[in-house]
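Quick notes on the structure that follows.
The values are calculated or read from the model by the stated rules, or taken from the named source; none is laboratory data. Remember, it's a predicted structure, so these values are computed and weren't measured experimentally. Using ideal geometry, Cβ is built from the backbone for each residue, glycine included, and neighbour counts are taken over all protein chains shown. Surface accessibility is based on the protein's heavy atoms, side chains included, excluding ligands, DNA and RNA. Shrake-Rupley method; radii C 1.70, N 1.55, O 1.52, S 1.80 Å.
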Amino acid sequence: MLIRHSDIILPSEITPPEIYRERRRFMQGMGALAAGAALGSMEEAHASVKLAGVRASAHTLDEDKTPYKDVTTYNNFYEFGTGKSDPAENAGSLKTRPWTVTVEGAVKQAKIWDIDALLKLAPLEERVYRMRCVEGWSMVIPWVGFPLSELLRRAEPTGNAKYVEFVTLNDPKQMPGQRSRVLDWPYVEGLRLDEAMHPLTLMAMGLYGEVLPNQNGAPIRLVVPWKYGFKSAKSIVKIRLVEKQPVSSWMKANPEEYGFYSNVNPQVDHPRWSQAKERRIGEFFKRDTQMFNGYASQVAQLYRGMDLKKFY
Ligand SMILES: Nc1nc2c(c(=O)[nH]1)N[C@H]1C(S)=C(S)[C@@H](COP(=O)(O)O)O[C@H]1N2
Ligand SMILES: [Mo]
């Protein structure tokens, strides 16, 4: 079978990259083409976690990337535990197929999208983004995804759509961390509609050219690089266009500490610690944190006239 450039080869279960690479090496030993043909489409699909047809993007950084190992083993994903290594250790229980994402609310075209249709919704792009956690660490991650605007546009938001709410899967059987009450499940986050439509706002389905590992929010997550990491909700099942500002899980858990906007801002400290500096994972010395995480020239106009100390 001829595989079109835009076609995605998906494993039914995600193969860890090391195993994938081993298998590739073995197949290359046999002669990759002959092996692929001999093993048939099932094995061929299983052998690859690479995302095909990924394009370069203008919205990308030329900065040293955080190693794959750190990106996939040092995570926050409270649905799998509150420790940094918990998601990598526990997220194997998450089933990412079948999976649907419902887009609903103040839209003309509400729709339940199958995850494999979302993979083909728009050209996949590689976007190297700087990510900053509110805890004071940062990474540079090569995401693969498409602009959220592509999806919202197709839903045709009505005049009542002022905000967008993102909802993570709620299933304690698959997500053992949800048996504890650290947050009010499901995990909910929100953006203003213009933030959601901004070209930098990404729906990520991969990283480092491969299908998103479960611990990073498979099969699909939000990525908003100028905001603290917790705005970038993982493993999304629902996107609701709404009139009123959503109340996020973090606002519910601690309204004194977490506001709706959560823009990276070295001048607005978290009540319990400074946000002036950050530690890039893998580096020893701290760096100065940049306004809007270094994306000010692209996003500052969204907040013109707003008191960023009040709307933190
Ligand atoms: N559903 C869900 N999404 C989430 C979180 C979470 O606990 N649950 N943690 C957030 C936080 S605090 C951060 S810093 C980023 C981390 O994403 P990464 O580990 O893939 O870099 O995910 C965010 N998205
Ligand atoms: Mo975070």
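Side notes on the structure shown:
- Top-ranked residue of the range 226-241 - restricted to ones that are open to solvent by less than 20 Å² (accessible area, probe 1.4 Å) and aliphatic (A, V, I, L, M), ranked as nearest to ligand 1 (Cβ to nearest atom): 233
- With respect to the stated conditions, residue 150 fails to be open to solvent by 20 Å² or more (accessible area, probe 1.4 Å) and part of a strand (DSSP E or B).
- Any hit, the range 96-105, residues being among the hydroxyl-bearing types (Ser, Thr, Tyr), in a helix (DSSP H, G or I) and closer than 23 Å to residue 49 by Cα: no
- Restricting the range 284-312 to residues that are part of a loop (DSSP other than H, G, I, E, B) and under 23 Å from the mean Cα position of the chain (by Cα) leaves a set whose member that is surrounded by the most Cβ atoms within 10 Å (Cβ to Cβ) is 295.
- Checking the range 60-72 against the condition returns no match, with no residue being away from ligand 2 (no atom under 16 Å from the Cβ), crowded, with 19+ Cβ neighbours inside 10 Å and at pLDDT 95 or above.
- Checking residue 109 against (1) within 16 Å of ligand 2 (Cβ to nearest atom); (2) polar (S, T, N, Q); (3) touching a helix residue (DSSP H, G or I) at 6+ places or on another chain (Cβ under 7 Å); (4) part of a loop (DSSP other than H, G, I, E, B), the condition it does not meet: (1)
- Odd one out for residue 253, checked against (1) within 13 Å of ligand 1 (Cβ to nearest atom); (2) over 28 Å from residue 274 (Cα atoms): (2)
- Residues being touching a helix residue (DSSP H, G or I) at 6+ places or on another chain (Cβ under 7 Å) and more than 30 Å from residue 50 (Cβ to Cβ) - total across the range 171-190: 7
- Residue tally, condition surrounded by fewer than 22 Cβ atoms within 10 Å (Cβ to Cβ), within 13 Å of ligand 1 (Cβ to nearest atom) and in contact (Cβ under 8 Å) with a residue 24 or more places away in the chain, over the range 79-98: 5
- Residues within the range 256-273 that are of a type in the set (Ser, Thr, Tyr) and loosely packed, with under 12 Cβ neighbours inside 10 Å, tallied: 0
- Leading residue by the ranking (nearest to residue 251 (Cα to Cα)) among those in the range 165-185 that are touching a Phe, Trp or Tyr at 6+ places or on another chain (Cβ under 7 Å) and open to solvent by less than 30 Å² (accessible area, probe 1.4 Å): 183
- A single member of 247, 223, 188 is of a type in the set (A, V, I, L, M, F, W, C), open to solvent by 10 Å² or more (accessible area, probe 1.4 Å) and either touching a residue at least 60 places away in the same chain (Cβ under 8 Å) or within 13 Å of ligand 1 (Cβ to nearest atom) (or both), and it is 188.
- Unmet criterion (only one of (1) more than 22 Å from residue 275 (Cβ to Cβ); (2) in contact with a strand residue (DSSP E or B) (Cβ under 6 Å, 6 or more places away or on another chain); (3) within 16 Å of ligand 2 (Cβ to nearest atom)) for residue 217: (2)
- Filter result for residue 125 (modelled with pLDDT of 95 or more and within 16 Å of ligand 2 (Cβ to nearest atom)): no
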